[in-house]
Amino acid sequence: MNLLHKIVASAGFLTLALGSAHAQNKELVVGSSATYRPFAYESPSKEIVGYDVDMIKAIAQKAGLKIKI
């Protein structure tokens, strides 16, 4: 790997590290039509639930993001 590739790779890793640290204070807003069971649907209590919603919540938690559906 030559010097230019090392510099570009280092800059990329630094950008990712700073970007993920900055993203931890953000809220992820996700839209859903909530019409396709079991992926996303509206429960009797008017909450959007389903497989896709569970996956979104798990990913957001791992990334340190707040979630709003």
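Tabulated results
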{"read-out": "Linear extension gain, residue 27 paired with residue 66, 0.36 nm per residue minus alpha-carbon span", "value": "13.6 nm"}
{"read-out": "Inter-label distance for residue 54 and residue 35, nm, one decimal - labels placed 7 Å from Cα along Cα-to-Cβ", "value": "2.4"}
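Readers should treat all values here as calculations from the given coordinates under stated rules, not as data from a laboratory. Model, not experiment: these values are computed from the prediction. As a convention, Cβ positions derive from the backbone with ideal geometry for all residues, glycine included, and neighbour counts pool all protein chains shown.
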